[in-house]
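S.K.: The structure is given below, and queries will be raised subsequently.
Nothing in this text is a laboratory measurement; each read-out follows from the coordinates by a stated rule. If you're wondering where the values come from, they're calculated on a predicted model, not measured in any experiment. Don't worry about glycine lacking a Cβ; one is built from the backbone with ideal geometry, like all the others, and counts go over all protein chains shown.
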2 protein chains.
Amino acid sequence: MGRNPDTNAEQRAETRQLLMRAGLELFADRGLERTTVDAIAANAGCSKGLVYHYFPNKRALAEAVLADWVEQVAAVAAGSDVVEAPDERLAAFATAMAAHIEANPDSYRLNLRALTDPELRELAGELTADRAGPDHPWADAFALAGSESPDLDGRLFHASLLGIFAHHALSPHPTPLADLVERLIELTLDR
Amino acid sequence: MGRNPDTNAEQRAETRQLLMRAGLELFADRGLERTTVDAIAANAGCSKGLVYHYFPNKRALAEAVLADWVEQVAAVAAGSDVVEAPDERLAAFATAMAAHIEANPDSYRLNLRALTDPELRELAGELTADRAGPDHPWADAFALAGSESPDLDGRLFHASLLGIFAHHALSPHPTPLADLVERLIELTLDR
DNA sequence: ATTGATTGACTGACTAGTCGGTCAATGAAT
DNA sequence: ATTCATTGACCGACTAGTCAGTCAATCAAT
């Protein structure tokens with residue numbers, strides 16, 4: 001039977017990552033449909049058959065890639081929840097998210113695609129985070145900041161962040177994310 | 001020879017519109033790739049051959065649909081340029097744009113797709129309006145409003161608008177556009 | 001009025017190419 | 001000898017685009 005199981009499992013995980021990175025890169029700038037499995041294999045430097053050895057189908061590969069991104073976002077959110085002052089948590093999250101996006105542009109571009117593409121959207125579950133309640137989950141932060149319309153401000157902040165990130169990911173000459181996010185916080189959250 | 005040219009041309013333009021509407025509807029929620037010409041024909045209640053009688057290929061149909069949207073946006077912009085007070089023009093444009101998007105959701109959803117899809121983007125020309133200059137075209141409005149960083153505020157306003165519109169188009173329970181846009185203007189442009 | 005010519009909108013069967021997915025064979029490690 | 005990673009030829013389904021031909025309307029000449 002098998003060779004050293006540790007080395008084996010490591011090797012396997014490594015190849016899996018390689019395929020996922022190759023897929024992410026192509027999905028991010030051509031979309032799911034226009035990315036052929038042949039192209040993914042070529043980008044990963046292996047054969048098409050190997051892709052199917054690691055993933056049952058193209059959809060599953062995309063699913064894994066998207067799940068990875070969702071996990072990353074959760075980690076960023078968890079990180080900013082550790083901030084001591086409750087009134088600084090939202091700002092901390094926004095800033096941390098900006099940094100993470102700047103460091104992982106492909107992941108974010110794929111995430112944007114997932115917003116507009118119903119098939120990808122289904123794969124990733126609810127990315128838009130439409131909590132059922134009438135109040136936006138960020139309303140609390142604005143209530144603390146003394147806003148007279150916390151719910152509306154929460155929604156506006158959410159939409160503005162989305163816009164800033166989207167514009168950054170799509171524009172060929174992006175404004176530094178940090179500046180825009182900082183200014184947004186200044187205009188809405190501070191005071 | 002020839003029959004009444006007026007009736008003929010009218011009929012032709014009407015059929016063309018019908019096909020474009022059918023295309024827009026499908027393109028908006030499935031994207032270019034996943035919309036088959038057969039589906040467009042079925043949605044328009046005609047044969048596939050007829051689609052090709054009016055357009056040389058699927059791409060050309062999409063091009064026509066997108067060009068139509070670009071024209072609509074130009075019309076909205078032209079309309080708000082008529083506003084007398086220069087310091088109210090940007091706010092007028094944002095409000096008018098919100099109303100137009102609310103009235104033409106399919107068109108805007110297709111426009112969003114065009115932002116993320118490189119193929120559609122090419123078709124529509126430069127939708128992102130990345131003027132070459134270092135200053136954002138909306139900086140003037142913020143200079144008039146007494147902003148200490150007009151360029152940054154112009155970019156932030158642009159991105160926020162994009163985010164508001166995008167969120168509205170994608171969310172199943174959208175916040176009324178007018179409220180968000182009004183609040184954005186209040187927080188950034190007024191005072 | 002009737003007839004025959006002409007036009008172009010419209011159809012549906014067909015073609016050619018593409019791509020997701022399969023599988024039998026090979027290689028390499030133990 | 002067994003096991004698993006890896007290959008690439010192959011298949012079937014799907015779809016963009018073509019094309020030969022139908023039909024209804026209009027026109028020109030009688």
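S.K.: Taking the Cα centre as origin and putting +1 on Lys and Arg beta-carbons and -1 on Asp and Glu beta-carbons, what dipole magnitude results for the protein assembly as shown, to the nearest 20 debye? Write down the numbers at each step before the final one.
M.R.: Values: 34 positive and 60 negative charges, 409 e Å.
For the protein assembly as shown, the charge dipole is close to 1960 debye.
S.K.: In B, who owns the beta-carbon nearest the axis carrying B over to A, and how many Å from it?
M.R.: Output: B:Gly163, 1.
S.K.: Counting pairwise Cα distances across region A:1-106, what percent come out greater than 23 angstrom?
M.R.: On the way: 2417 of 5565 pairs.
Tail of P(r) above 23 Å: 43 percent of Cα pairs.
S.K.: With point charges of +1 on the Cβ of Lys and Arg and -1 on the Cβ of Asp and Glu, referenced to the Cα centre of the protein assembly as shown, which listed residue (B:Pro118, B:Ser47, A:Leu32) lies farthest in the positive direction of the dipole?
M.R.: My answer, from the dipole projection, is B:Ser47.
S.K.: Sticking with this one: If you fit an axis through the alpha-carbon atoms of helix B:58-80 and take the longest principal axis of the Cα set of chain B, what angle between them do you get, 0 to 90°, nearest 10?
M.R.: 40
S.K.: Quick one: pull the percentage of alpha-carbon pairs in region A:8-47 with a separation above 12 Å. Present the calculation step by step, with values, prior to reporting the outcome.
M.R.: Values: 433 of 780 pairs.
More than 12 Å apart: 56 percent of the Cα pairs in region A:8-47.
S.K.: To two decimal places, what compactness ratio does region A:64-160 give when its Cα radius of gyration is scaled by 2.2 N^0.38 Å?
M.R.: Working: Rg = 14.4 Å, N = 97, 2.2 N^0.38 = 12.5 Å.
Region A:64-160 yields a ratio of 1.15.
S.K.: Still on this model: Short version: ³J(HN,Hα) in whole Hz for each residue of region B:89-103, in order, from phi by Karplus 6.51 cos²θ - 1.76 cosθ + 1.60 (θ = phi - 60°), x for Gly and Pro, what are they?
M.R.: 5, 5, 4, 5, 4, 4, 5, 5, 5, 4, 4, 5, 5, 4, 7
S.K.: Restricting things to alpha carbons, tell me how big the protein assembly as shown is in terms of Rg and Dmax, in Å.
M.R.: 23.4, 86
S.K.: Separate question: If you consider only alpha-carbon coordinates, what radius of gyration and Dmax does chain B have, in Å?
M.R.: 19.6, 70
S.K.: If the label for A:Pro134 sits 7 angstrom from Cα along the Cα-to-Cβ line, what are its distances to the same label in every other copy, in nm to one decimal, shortest first?
M.R.: So the label point of A:Pro134 gives 5.0 nm to the other copies.
S.K.: With a cap of 14 neighbouring Cβ atoms within 10 Å, and only residues DSSP puts in a loop, list the GluC sites (Glu not before Pro) found in region B:1-84.
M.R.: Details: sites: B:Glu10, B:Glu14, B:Glu25, B:Glu33, B:Glu63, B:Glu71, B:Glu84; in loops: B:Glu33, B:Glu84.
In loop regions of region B:1-84 (DSSP not H, G, I, E or B), the sparsely surrounded GluC sites (Glu not before Pro) are B:Glu84.
S.K.: Treating only the Cβ of Lys, Arg, Asp and Glu as charged (+1, +1, -1, -1), what charge dipole size does region A:109-191 show about its Cα centre? Round to the nearest 20 debye.
M.R.: Values: 7 positive and 14 negative charges, 56 e Å.
In total the dipole reaches around 280 debye.
S.K.: Quick one: label points 7 angstrom along Cα→Cβ at A:Val82, distances to the other copies in nm, smallest first?
M.R.: 5.8
S.K.: Okay, next question. Please enumerate, by chain and number, the lysines with C-alpha under 27 Å from the C-alpha of B:Lys58, excluding those fewer than 8 residues away in the same chain.
M.R.: Within the straight-line cut-off, B:Lys58 pairs with A:Lys58, B:Lys48.
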